[in-house]
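Asks: Sharing a structure here in structure tokens format.
The values are calculated or read from the model by the stated rules, or taken from the named source; none is laboratory data. All values derive from a computational prediction rather than experimental measurement. Note that we place each Cβ from the backbone using ideal geometry, even for glycine, and neighbour counts take in every protein chain shown.
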Amino acid sequence: MRKALQLATSLSVILLLGAGSSSAFAANLKVVSSFSIIEDFAKNVGGDKISLVNLVGPNGDSHVYEPKPSDAAALAGADVVLVNGLGFEGFLPRLVEASGTKATIVELTKGVEPLKAQEEEGHAEAGAEHHHDHGAFDPHAFQSIANAKIYVKNIVDAFCNADKANCDTFKKNGADYTKKLDQTEVDVKAGIASIPESKRLIITSHDAFGYFEHAYGLKFLAPEGLSTDAEPSAADVVALIKQVKEDKASAIFVENITNPRLIEQIASETKLKVGGTLFSDALSEPGEGASTYIDMMHHNISAFKKAIIGS
């Protein structure tokens, strides 16, 4: 009887220890990402060691997003919240306040050299005063792959600070993904090199490609400014059409997050054929060709080449 009692007690201890270990193993780092591009970076670094909730989904526009009650609940329960920063997520300050979150808020543009948000630097020059004030800097830093690698490093550091037990895994995942980004940058630069310099002027819906322009040598014009939350005036559109005709733009594109109506109007006025859809501030749904950051970069450079040089 005594031996049976001892055995039962031992089994109970083992089961309790097992349950505790299982519970600890299952307690993944709780992460919230603000939009789909950051979500993809987080998945690549965190793998199965994180539980991830994303706010602005595929084809979503972070500039005009309206948070839901479930978003506040996600932030309230998070350990780490990954955001772009530089004013990209206009909805974020009030969401953080409403959620009462104690999570670490990580701005992934930390360490990036930001570009000044000056409309006059080659983008939709006339009527720039109508745009809302979105800060002194262009927030679309992720359009440079060199900057994307900074985002990834910041995610690795944030995850390691929050979950030291899995830091080695996060570091390895980050290093492996960075190698893939290195190759993607080689591909992008080769794609740009195949486009004659005289044909590198592109029209897009809003001013999202400043960092791409700065890094890779294409030039972009857009009727809308850095954010999509304000419609361009008629004077803006007329000025842009005039500039497009004078500078002889090679291609015009709609974006996955914007209404194509304005771009179609400009295409009609300038006799440019719409070259397809670019992915700017959000990834696509699965099966649409840009459901990861790397796929997005390959899709966009292929779209540029096909529209300008036919291959």
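Asks: Return the total of residues in region 289-307 being outside any helix (DSSP H, G or I) and without any contact (Cβ under 8 Å) to a residue 60 or more places away in the chain.
Replies: 2
Asks: Of (1) modelled with pLDDT under 95; (2) out of contact with any Lys or Arg (no Cβ under 9 Å at 6 or more places or on another chain), LYS189 satisfies all except one. Which?
Replies: Here LYS189 clears every test but (1).
Asks: Pick out the one residue from SER34, SER23, SER51, SER70 that is of a type in the set (S, T, N, Q), farther than 20 Å from LEU92 by Cβ and modelled with pLDDT of 50 or more.
Replies: SER51
Quick grid of which residues meet (1) polar (S, T, N, Q); (2) touching a His at 6+ places or on another chain (Cβ under 9 Å); (3) in contact (Cβ under 8 Å) with a residue 12 or more places away in the chain; (4) surrounded by fewer than 23 Cβ atoms within 10 Å (Cβ to Cβ):
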{"position": "PHE41", "(1), (2), (3), (4)": "no, no, yes, no"}
{"position": "ASN44", "(1), (2), (3), (4)": "yes, no, yes, yes"}
{"position": "LYS49", "(1), (2), (3), (4)": "no, no, yes, yes"}
{"position": "SER62", "(1), (2), (3), (4)": "yes, no, yes, no"}
{"position": "PRO69", "(1), (2), (3), (4)": "no, no, no, yes"}
{"position": "ALA72", "(1), (2), (3), (4)": "no, no, yes, yes"}
{"position": "GLY77", "(1), (2), (3), (4)": "no, no, yes, yes"}
{"position": "VAL81", "(1), (2), (3), (4)": "no, no, yes, no"}
{"position": "ASN84", "(1), (2), (3), (4)": "yes, yes, yes, no"}
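Asks: Here's something else I'd like to know. Looking at region 89-113, I want the residues that are touching a residue at least 60 places away in the same chain (Cβ under 8 Å) and have a partner that is surrounded by 14 or more Cβ atoms within 10 Å (Cβ to Cβ) and among the small types (Gly, Ala, Ser) with Cβ atoms under 7 Å, at least 6 apart or on another chain. Which pairs are those?
Replies: ALA103/ALA78; LEU108/GLY85
For (1) among the aromatic types (Phe, Trp, Tyr); (2) surrounded by fewer than 23 Cβ atoms within 10 Å (Cβ to Cβ), each residue gets a yes or a no:
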site	(1), (2)
ASP138	no, no
PHE170	yes, no
VAL188	no, yes
PRO196	no, yes
ILE202	no, no
SER233	no, yes
LEU240	no, no
VAL254	no, yes
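Asks: Considering only region 247-288, how many residues are touching a Leu at 6+ places or on another chain (Cβ under 9 Å) and assigned to a loop (DSSP other than H, G, I, E, B)?
Replies: Number satisfying all stated conditions: 4.
Asks: Can you go through SER302, SER284 and tell me which one is surrounded by fewer than 20 Cβ atoms within 10 Å (Cβ to Cβ), closer than 27 Å to VAL152 by Cβ, in contact with a Pro (Cβ under 8 Å, 6 or more places away or on another chain) and not β-branched (Val, Ile, Thr)?
Replies: Just a single option satisfies the conditions, and that option is SER284.
Asks: Across region 149-169, what is the number of residues that are in contact with an Asp or Glu (Cβ under 9 Å, 6 or more places away or on another chain) and either under 22 Å from GLU185 (Cβ atoms) or modelled with pLDDT under 95 (or both)?
Replies: Here the count works out to 2.
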